[in-house]
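I have placed the structure first, in the form of structure tokens, so that the comments after it can refer back to it.
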Amino acid sequence: MKPYWRYPGALNGRIMPTVSMALDGSYVFCLGGDDEEPQTFTLSPGEKVSVEQIIDAGGVDLVYFYFQFRTGPMPAYRMVLNAQSAQIKLGSLATVGDGMVGISIEEPSLLANENLFVQADSDQLAKLSGFPTPANNGVFRISSVPVHDDVYPPGRVAVIENAAAVAEAGPATTVEIYGARWVGQVYIDAVKRVEVVEFTDAGPQRDLAVNISKLVGFHTLKYVLELQSIVTS
Amino acid sequence: MPGIRVPLASLLVDHNRFVDATTDLLVINEIPQENETGVPLSASISMTAACMQSEVITEMQVWLADLGAGGLLELAYDLTGGGFQAGYSGSATPDASPSSGVNDELQLVINRALDFSSLSNIRVEVLAATASYKFSGAYNFTTEDKTPPEILDVVFLGPRTARVIFSEPMNQTSSLNFTFADEGVEIVDAQDVQLMTQAPVASWTGMWAGLTGSIYPSNNGYREIIAVDIEAKTVRLGSSSNPLTPDTGIDLNDAGAVIRDRKLRMSISPYRLTARLSDEAIGLEPLDPDTVQCTYEPIVVNVNAPEADEVPAGANVASYTVLQFHDDVSYGRLYTLVAKGVIDAFGNSSGDPGAEFDFTSPWFGAPTRMMVEDLIPDEYWDDDMLNQHALRSIMVVLQDLLNVLWNRIDGLQYLHDPDRCPKHLLPHLLYHMGCPFTFPIETESFQRRVANGLDQMKRMVGTETGIEDIITLLLPDVPCDVRPYLNNVDGWVLNESLLGFTTILSPGSPYYRNAYEIVSPVDLTDEQRRIVVDAAKWADPVNAHLIRVLEPSNAAYNEAVVWVLGLSALGYSTILKQGI
């Protein structure tokens, strides 16, 4: 959000959007960033940003508000390996002595490299399960997907950030890449009333509402933008 | 949970409005909302029925209609009638608004089993009720395809021709985008290619350039176009890892005299055929048949749309593209076809790196008389597969060449077989068979149909049924009728003479007696009319002649087919017509 000091009063906390159209008038509250090309950040699923205000609900039935959502290309959920052979390797992932720690897919029945690790998996989350050692199972960040065409076809190995990893083979390992999505939510007094997920680059301007017909007095209306993991297909 | 790198979203929110509802039961938060456009084909439909009084939602029905496809309303959800209907799923969640105490809201999310079609105007009608209140409302939204095109299949019609099937109709300006600089090019340095006459266009940037004809093998093949210089007529290719070797196409002898003038040629298209590596030596037995790779990548030398009769009945021709390659693909090898930046009919691009399709090239009926690698002792083969693969590479090249050679030799026996004759030899087969027609016989399927039917056609000449059957063989969709020409209105009526006779000036009765006409049930295109006339004139008896072709739009199409013989001495007018 832009600095609060700029327009105290009615414009407090609001910006004049440069990419999207103002919803009504010239100024809007902006959760996230209003950039031509969305900036990329390292964020943890569950992180959120919000803005809230106190409303007087007496004598009205509905509170309407305009909502407009823009999202960049987000990672999709993907099952890489389903109960098949993989190994955790320490220090010799792609080739001997390369110093990398990570997972190597050893499944002989996989002939092609599609749907295994791809470059876009770097800096995303992978859920490993099925390894005999519990420390090797869990949700870990992928640091990189090395490409060594001469040694290994691309897509077979990924560097995993797991300090407690133990070198071992997993004959029935499952590897999933988590997806992610941005969700817009509206709360009344900490109770979620509306949730919007947009999968298009720029969603339309939506005129949404919350039913406050049974409320009287002052209450808190909160708008939230939250990053969520997608953990199933 | 660890952090991930994602683009930051933007959520704009503003303009709170406090509204006193005019009805006690209404539907809010419709997504897609009224008059929304560009709704994805797979979009869910969500809404919330909300009661402003403290009453439970007891009834709710949602009906959907695709106004562009007939507009019949279809029940998608019925709260009291089984919930989600066949073909629909989703969630229906009763909820209580703040401080309500009863479920005065029903949040509904409807998923349709089948995607909507693009650019459909969808109407949603909603009925809801509580014990005391009822709601009825409707709204429309418009869907639009947002899905990039995919390659569904690559069907090889021959070793040099492949039909690409896209998942949806394509913008043919992009999918058929192709230029072939076959007047010659020169490789001037490690990255630049000089065109001789043609000027490059800016839109070539990002497409694939296929080079062929260079004396340096590493020059031939595909590279990405990274820039064009329109004034200098040069194209810069992305070849940093595989630089070009300058080649003018002119070979000189030691004395500096020209001994050969080769023609380097370059094609530009969104398509690239790439060899696909197998996972050889990764956990596979070295002699596993999957441990092979393509070695040859013929370049695209033509891109065109198929004719309507070359795709399955009912298929959309715009979903198909036919690629011609300058040489045979390797038989039975692993390939990937890439289509970069092609755009579907709804404006969605396949992007970069583009739509990809992995396939194994067919054997084209080639006999595998001998697998060259079988000649190598296993221990040498194992050692090679686990190391440099040099021996394997030589074996693959030899095997590919032998396969192509065997296939071509074996194809000679089919030169006179209309169904199996190689496509490029079909015109020669028709000439050899004495094809008498002068209309264009351009498409492969038409050429094969004519070649198949020519003997039968020759046996049928000279009869009415024969002419009809020949036209049916040539134009299966146009069952024409051949009949005698029974109308004499084409003469000049000179009126009554001094002797009391009415004279009709016309070509004379023998002319009409030997005339016939062809009646088509549909209006013919110029090409079809030429085929009908050409075939009829060749097949009719020597003394007969075609006088006209009648089509529904022709004014004479519905005329009575009679001869009016005029008033007789007895005062009767006689009409001569065909008996039943």
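The values are calculated or read from the model by the stated rules, or taken from the named source; none is laboratory data. Because the structure is predicted, anything quoted here is derived from the model rather than measured. Quick reminder, even Gly has a Cβ in these numbers, built from the backbone with ideal geometry, and neighbours come from all protein chains shown. The area values use the complete protein model at the heavy-atom level, side chains included, leaving out ligands, DNA and RNA. Shrake-Rupley method; radii C 1.70, N 1.55, O 1.52, S 1.80 Å.
Can you tell me the accessible area per residue over the range B:51-146, all protein chains present, probe 1.4 angstrom, in square angstrom?
Values: 4480 Å² over 96 residues.
Each residue of the range B:51-146 exposes 47 Å² on average to a 1.4 Å probe.
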- Item | Signed unit charges on C-beta, dipole axis of the range B:119-234, positive-most listed residue B:LEU176, B:ILE165, B:VAL193 | B:ILE165
- Charge dipole (the protein assembly as shown, unit charges on Cβ, about Cα centre) - positive-most of B:VAL549, B:GLY213, A:GLN124: B:VAL549
- Summing +1 for each Lys or Arg and -1 for each Asp or Glu, what net charge is found among the other residues whose Cβ lies under 12 Å from the Cβ of B:PRO306? -4
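Which value, in debye to the nearest 20, gives the size of the charge dipole of the range B:170-242 about its Cα centre, when Lys and Arg are +1 and Asp and Glu are -1 at the Cβ?
On the way: 3 positive and 8 negative charges, 40 e Å.
The calculated dipole for the range B:170-242 is roughly 200 debye.
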- Message: Accessible area per residue for the range B:334-463 in Å², computed with a 1.4 Å probe and the full protein assembly in place, what is it?
- Response: 54 Å²
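Using a 1.4 Å probe over the heavy atoms of the protein chains, calculate the carbon and sulfur portion of the accessible area of the protein assembly as shown as a whole percent. Don't jump to the answer; show the numbers that get you there.
On the way: 21120 of 39460 Å².
For the protein assembly as shown, the apolar C and S fraction of the accessible surface comes to 54 percent.
Quick one: net charge around B:GLY101, please, counting Lys, Arg +1 and Asp, Glu -1 for every other residue with C-beta under 14 Å from its C-beta. Kindly include the intermediate steps, with their values, before the conclusion.
Values: positive: A:LYS214; negative: B:GLU55, B:ASP95, B:ASP104, B:GLU105.
After counting each charged neighbour, the total is -3.
State in Å² the accessible area per residue of the range A:164-232; use a 1.4 Å probe, count heavy atoms of protein chains only, and round to the nearest integer. Can you show the working numbers first?
Details: 2500 Å² over 69 residues.
Ligands and nucleic acids excluded, the result is 36 Å² per residue.
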- With all protein chains modelled, accessible area of B:HIS424 [1.4 Å, Å²]: 130 Å²
- Item | Charged-residue dipole, Cβ positions (Lys, Arg, Asp, Glu), chain B about Cα centre, Debye nearest 20 | 1940 debye
- Item | Signed unit charges on C-beta, dipole axis of the range A:135-233, positive-most listed residue A:ALA169, A:ASN211, A:ASN137 | A:ASN211
- Message: If the reach is capped at under 25 angstrom between alpha carbons, list the lysines near B:LYS458, excluding any in the same chain fewer than eight residues apart.
- Response: B:LYS423, B:LYS537
- Note on the structure: Given unit charges at Cβ for Lys, Arg (+) and Asp, Glu (-), the dipole magnitude of the protein assembly as shown about its Cα centre in debye, nearest 20, is 1020 debye
- R0 = 30 Å: FRET efficiency of B:VAL188 with A:ASP98, Cβ-based, nearest 0.05? 0.15
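Is it possible to state the helix-based mean residue ellipticity at 222 nm for chain B, with each DSSP H run of 4+ residues giving -39500 (n - 2.57), the sum divided by total residues, to the nearest 500 deg cm²/dmol? What is it? If you can, show how the numbers build up before the last one.
On the way: 8 runs with 88 residues, N = 580.
For chain B, the value works out to -4500 deg cm²/dmol.
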- Nearby lysines by direct alpha-carbon distance to B:LYS146 (threshold 29 angstrom, same-chain neighbours under 8 apart not counted): A:LYS48, B:LYS340
- Query: Computed on protein heavy atoms with a 1.4 Å probe, what is the summed buried accessible area for the chain pair B and A, in Å² to the nearest 100?
  - Reply: 5800 Å²
